[in-house]
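K.L.:
Below is the structure I would like to discuss, written out as structure tokens.
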Amino acid sequence: MKVMLVTGANRGIGKEICRQLSKLGYTVILCAQNLQKAEEAAKEIASQNGIIHPAQLDVSNIESIRNLASEIEKKFGKLDALINNAAIYSAKDTGSLNLGEEVFDETLKVNFYGPWRMARAFAPLLLKSDDARIVNLASDMGSFDKMAGGSFAYRLSKTALNNLTINLSHEFNSSVRVNSMCPGWVRTDMGGANALRDVSQGADTAVWLATDPSVPTGKFFRDREIFPW
Ligand SMILES: NC(=O)c1ccc[n+]([C@@H]2O[C@H](COP(=O)([O-])OP(=O)(O)OC[C@H]3O[C@@H](n4cnc5c(N)ncnc54)[C@H](OP(=O)(O)O)[C@@H]3O)[C@@H](O)[C@H]2O)c1
């Protein structure tokens, strides 16, 4: 049995990643800040092949992360994939000169400290898997190659997340494959109604990185192809 955890999965791309993993027969831990929302999303997906376990998780709260890690250790004894999907993009996120520091701090707390703390807390469980993966949902907005002004906090959080991907890939060496991916511009609460992609396209590369035997480690992808850092 392969166990995969998805953060921020009560809606948007995270929920769709859970749906696709479940369809493939994996055991999925569907996490949300609000347990009731996790349970509702899990119920909605439950018609697929795999088993879905709803769980409470606030990635900006270290106690919440530790509690979930010990719950999963007791229940499953290992974790095969950690998918760091949860993120925020504040409407008050501006260029660096005008940005309120509280917006910057809150964005980094969820989008960067969250995945970093998740990786540290779940490393012992990932190391018990014989084919462990970490997938970080980054963005082209964090790519140096595509860098522009505006949305300073979100951009920096995703650039930092990509740095974490490379660092972890070296630290884990070949024992955990760690990759970043950009889902493209996707119709969700974050992406808005005019976005070009639906959630199934947005989730595809994350699911592939979590499951395909051929994927490398320490790379950045979009549409299953290498994307510039
Ligand atoms: N949509 C796009 O066009 C796009 C483009 C590039 C990259 N991405 C990335 O793709 C990922 C998914 O985006 P999305 O469009 O699906 O976003 P979304 O619709 O806004 O969903 C975000 C999810 O993150 C959760 N979340 C927020 N703060 C959290 C916290 N502290 N702890 C746990 N969960 C938290 C939200 O939970 P609540 O419901 O409780 O708020 C929600 O489930 C993100 O990493 C995003 O940066 C998206």
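K.L.:
Please find the FRET efficiency linking Glu225 to Glu63, where r is the Cβ-Cβ separation and R0 is fixed at 41 Å, and quote it to the nearest 0.05.
P.N.:
Efficiency computed from Cβ-Cβ geometry: 0.60.
K.L.:
While we're on this one: Roughly how tilted is helix 114-126, in degrees to the nearest 10 and between 0 and 90, from the longest Cα axis of the chain?
P.N.:
20
K.L.:
For Glu71 and Ser47, what does the FRET efficiency come to when R0 = 30 Å and r is the distance between their Cβ atoms, rounded to the nearest 0.05?
P.N.:
0.75
K.L.:
Further question: Can you tell me the Rg and the Dmax, both Å, for the Cα atoms in the chain?
P.N.:
16.3, 50
K.L.:
Once you have the Cα-Cα distance between Glu102 and Phe144, take 0.36 nm times their residue separation minus that, and quote the gain in nm to one decimal.
P.N.:
12.7 nm
K.L.:
Here's something else I'd like to know. How large is ³J(HN,Hα) for each residue in region 180-197, as worked out from phi by the Karplus curve 6.51 cos²θ - 1.76 cosθ + 1.60 (θ = phi - 60°), to whole Hz, x for Gly and Pro?
P.N.:
Coupling constants for region 180-197: 9, 8, 10, x, x, 8, 10, 6, 9, 4, 6, x, x, 6, 8, 4, 7, 10 Hz.
K.L.:
Something else about it: Could you name the aspartates and glutamates whose alpha carbon sits less than 15 Å from that of Lys219, not counting residues in the same chain fewer than 8 places away?
P.N.:
Straight-distance partners of Lys219: Asp140, Asp145, Glu171.
K.L.:
Then there is this: Could you work out how far helix 62-76 tilts from the main Cα principal axis of the chain, as a 0 to 90 degree angle to the nearest 10?
P.N.:
Value to nearest ten degrees: 30.
K.L.:
Given H placed 1.01 Å from N in the peptide plane, which residues other than close sequence neighbours of Arg222 have an amide H under 5 Å from its amide H?
P.N.:
Here the answer is Cys182, Phe227, since their amide H atoms fall under 5 Å of that of Arg222.
K.L.:
While we're here: Starting from the Cα of Met190, step 7 Å along the direction of its Cβ; do the same at Lys92; then give the gap between the two resulting points in nm.
P.N.:
2.0
K.L.:
Applying the Karplus parametrisation 6.51 cos²θ - 1.76 cosθ + 1.60 with θ = phi - 60° to the phi angles of region 220-225, what ³J(HN,Hα) value in whole Hz is obtained for each residue in order, glycine and proline being reported as x?
P.N.:
10, 10, 9, 6, 6, 10
K.L.:
Using helices alone, I'd like the mean residue ellipticity at 222 nm for the chain: each DSSP H run of four-plus residues gives -39500 (n - 2.57), total over residue count, nearest 500. Please report the intermediate quantities before stating the final value.
P.N.:
Numbers: 7 runs with 93 residues, N = 229.
Mean residue ellipticity at 222 nm (helix-derived): -13000 deg cm²/dmol.
K.L.:
Counting alpha carbon pairs within less than 8 Å and at least 6 residues apart, what relative contact order, in whole percent, applies to region 3-226? Don't skip to the end; give the middle numbers.
P.N.:
On the way: 470 pairs, mean separation 42.1, N = 224.
This gives 19 percent for region 3-226.
K.L.:
First measure r as the distance between the Cβ atoms of Lys23 and Asp130, then evaluate 1/(1 + (r/R0)^6) with R0 = 35 Å and state the FRET efficiency to the nearest 0.05.
P.N.:
It comes out at approximately 0.95.
K.L.:
Skipping prolines and chain starts, which residues have an amide H placed within reach, meaning under 5 Å, of the one on Lys128, given they are 5 or more residues away or on another chain?
P.N.:
Amide H neighbours of Lys128, under 5 Å, 5+ apart: Leu79.
Readers should treat all values here as calculations from the given coordinates under stated rules, not as data from a laboratory. All figures in this text were calculated on a predicted structure; none of them were measured in a lab. All Cβ positions, even for glycine, are placed from backbone atoms using ideal geometry, and neighbour counts span all protein chains on display.
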